[in-house]
Amino acid sequence: MTDSTWLNRDHHFAPGKELFRSERNFHLLAFTASHSQLLMRSSGRPDDPGEPETTIDLLFKPVCAVKISTGYRGLAVRCATGTETERVKAEHAGMRFGREDRVFVLESEGDRDYVAAMAVGWTEGVLQRTQQSFFNTFYPGRPFAWPTQPLAGVDPGLDIASARELVEALAARENTTIRRERHRHICVLMTRETRPEGPEVTAAGAFLTRADAEEARAVITAKSVDCWIEEVPIAV
């Protein structure tokens, strides 16, 4: 079960109002230029009795100005006061703030940072091993349907596993607790045959490299079978 909150209306943001508080540790997890999303996380370890079972994902979007640390030991998020908002705007005098851009103050161990954004929200729950975050879930119709990164958008490729990591993952015994935070793409060879009852689409094979898949595709195509290659992410 997950507990979610999303705040993006004027009545949510009274000056000085505390919106979120947790004594847990948080770290910067991801930022994407798509919709200027900034994601922070407190990681859960359901397999470790000494650690919190749940994961908390804290998201700001769209972000227009930011001053944050990479990690926090305990974190509170509140709306900035009028004076604090004007101070942040003065620090970014060359930037145009919209009416709906709000300044959120991040407080931890006596330090204060900030994020200027239109909205903030968080979700707490048990994150599945192959799920990258609560804010990037499966949606039909995406080119790569299964999300391989915490936020949708431009992928810098930092979470792509090496070939060695993939081989080690394939050779290892099944592990039901390890987080699947990295991935590789494999090339799946798809075929379509016309039958009296309608077209039949099947996966003819999976290949670790595009070159191998293209070689197999040439063999199948030579037999007048409709064939194409789809790249599919495999969790490592």
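What follows is calculated from the coordinates using simple rules that are stated; it is not laboratory data. Only a predicted model underlies this, so the values are computations on that prediction, with no experimental measurement involved. A quick note on method: Cβ atoms are made from the backbone with ideal geometry, for glycine too, and the neighbour counts reach across all protein chains shown.
Annotation note: Cβ proximity below 9 Å between a residue of the range 181-205 that is without any contact (Cβ under 8 Å) to a residue 12 or more places away in the chain and a residue that is surrounded by 15 or more Cβ atoms within 10 Å (Cβ to Cβ) (sequence gap 6+ or interchain) occurs for GLU200/THR191; VAL201/MET190; VAL201/THR191.
Has the range 183-201 got at least one residue that is acidic (Asp, Glu), exposed (fewer than 10 other Cβ atoms within 10 Å of the Cβ) and within 27 Å of the chain's Cα centre (by Cα)? Steps first, answer last, please.
Taking the range 183-201 as the starting set, the residues that turn out to be acidic (Asp, Glu) are 193, 197, 200.
Retained after the next criterion (residues that are exposed (fewer than 10 other Cβ atoms within 10 Å of the Cβ)): 197.
Imposing the further condition that a residue be within 27 Å of the chain's Cα centre (by Cα) reduces the set to none.
No, the range 183-201 has no match at all.
Scanning the range 1-38 for residues that are hydroxyl-bearing (Ser, Thr, Tyr) and either closer than 16 Å to SER108 by Cβ or surrounded by 15 or more Cβ atoms within 10 Å (Cβ to Cβ) (or both) turns up SER22, THR32, SER36. Taking the range 45-88 as the search range and keeping residues that are hydroxyl-bearing (Ser, Thr, Tyr) and in a helix (DSSP H, G or I), which one is surrounded by the most Cβ atoms within 10 Å (Cβ to Cβ)? Per the stated criteria, the residue is THR85. Of all residue pairs spaced 6 or more apart or on separate chains, those with beta-carbon atoms under 8 Å, a first member in the range 210-236 that is among the aromatic types (Phe, Trp, Tyr) and a second member that is surrounded by 17 or more Cβ atoms within 10 Å (Cβ to Cβ) and assigned to a helix (DSSP H, G or I) are TRP228/ARG217. Against the definition (under 23 Å from the mean Cα position of the chain (by Cα) and buried (at least 20 other Cβ atoms within 10 Å of the Cβ)), how does VAL126 come out, yes or no? No.
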